[in-house]
């Protein structure tokens with residue numbers, strides 16, 4: 001794939017998702033009282049303790065060494081069918097190891113629940129097991145307060161203040177919610193400022209990004225009532241609905257004043273992408289960050305100009321530009337010194353999957369490569385009079401001086417070409 005570079009502009013920004021109230025990646029542990037615990041990296045740092053033979057397992061959706069998860073595998077079945085360790089779970093605790101209510105998770109006007117699970121029993125879910133719950137009783141019962149997310153195998157149920165709503169059974173393309181030994185990503189948003197179409201379910205996995213809601217539902221409950229129980233992962237308040245699974249990267253976002261606790265699909269995808277396996281190449285990771293996919297297709301294709309600024313995605317990648325904001329090419333043609341043209345541009349050493357070529361022509365038809373940098377290596381002259389780099393860190397300023405003397409009768413042109 002080749003892309004030629006016009007000379008146009010430079011701005012940059014990135015998608016920034018808001019901070020979760022609580023976030024548990026289970027990659028570090030401590031002890032509170034006599035209870036093994038794992039801290040929250042959210043704005044609220046209340047730890048989760050491990051109960052009824054719940055443990056930290058050395059497996060996670062990224063597949064990397066050190067990516068751990070919460071395991072409730074010491075139960076023998078999902079939900080109501082569990083007869084061994086039915087109370088197994090992770091629960092928010094105080095410094096002495098006692099399960100506690102957390103006011104930071106109370107009275108949300110809007111919220112987002114998200115996380116990963118990996119079931120090990122090769123059967124459809126049954127028995128109404130919980131992925132997470134923050135309630136004072138079985139939500140769904142009269143007088144219930146708080147929220148809960150449960151799995152029904154091929155679909156999910158969000159419960160808020162004694163009412164619940166079921167998602168569609170149509171999963172996103174490429175995603176199966178009830179397959180054993182597979183990391184599945186699930187998220188649900190609730191906007192209590194709206195009275196209709198205010199619950200949205202999102203799904204993905206390690207290979208499939210979140211692009212849009214797969215189910216929109218209505219749950220007219222307004223602001224969530226305050227509850228008196230702890231946040232529980234992998235079970236419900238009554239401690240009798242376990243999900244036999246691994247759990248990872250459990251996050252809760254929320255706002256007590258407005259709709260901002262209900263994240264967008266793009267914000268949700270930024271977390272799914274961050275949690276999953278590393279991209280296969282630097283440019284694949286760049287596509288994922290900017291377009292929500294690693295594929296060289298559609299808006300993310302190398303040849304596509306997503307922001308209509310005259311620079312293709314491959315060019316924006318090569319020069320570390322934002323493909324979703326108008327940018328100007330940083331390639332500069334310098335005034336001749338000693339009768340030879342010079343061209344300069346930034347080169348990024350971490351772009352190891354592309355080649356920067358400087359090419360020259362006397363007629364704009366026949367072009368010759370006079371300097372190149374391949375796979376992150378320094379620029380090398382191959383017909384140029386000189387090719388030099390300056391700068392520390394990953395960004396180098398490249399200057400290439402042509403070897404053909406400029407005269408009044410023979411035109412000379414230089415350009416930079418990017419090749420993947």
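Rounded to whole Å and sorted largest first, list the principal axis extents of the Cα atoms in the range 22-262.
Sorted largest first, the three principal extents are 44, 40, 32 Å.
Out of every Cα pair in the range 331-419, what percent are spaced more than 18 Å from each other?
In whole percent, the long-distance tail amounts to 39.
Averaged over every viewing direction, what's the projected area of the C-alpha convex hull for the chain? Give it in nm², one decimal, please. Kindly include the intermediate steps, with their values, before the conclusion.
Working: hull surface 92.0 nm².
Across all orientations, the chain yields a mean hull projection of 23.0 nm².
Relative to the longest principal axis of the C-alpha atoms of the chain, give the angle of the C-alpha long axis of helix 265-275, reported between 0 and 90° and rounded to the nearest 10°.
So the inclination is approximately 90 degrees.
What's the Cα-based Rg to Rh of the range 202-325, Rh via Kirkwood? Display every interim value, and only then the final one.
On the way: Rg = 19.1 Å, Rh = 17.6 Å.
That ratio is 1.08, to two decimals.
Taking only Cα atoms, what is the 0 to 90° angle, nearest 10, from helix 282-291's long axis to the longest principal axis of the chain?
The two axes meet at around 60 degrees.
Mind pulling the per residue volume of the convex hull built on the Cα atoms of the range 272-402? Å³ is fine.
So the per-residue hull volume is 127 Å³.
Take the range 81-220, drop everything but the C-alpha atoms, weight them equally and run the Debye formula without solvent; then report log10 I(q)/I(0) at 0.14, 0.18 Å⁻¹ to two decimals.
Each listed q corresponds, in turn, to -0.70, -1.13.
Would you please calculate the Kirkwood hydrodynamic radius of the range 166-275 over all C-alpha pairs and express it in Å, rounded to one decimal?
Computed over the range 166-275, the radius equals 15.4 Å.
We did not get these values from a lab; they are worked out from the coordinates using the rules stated. All figures in this text were calculated on a predicted structure; none of them were measured in a lab.
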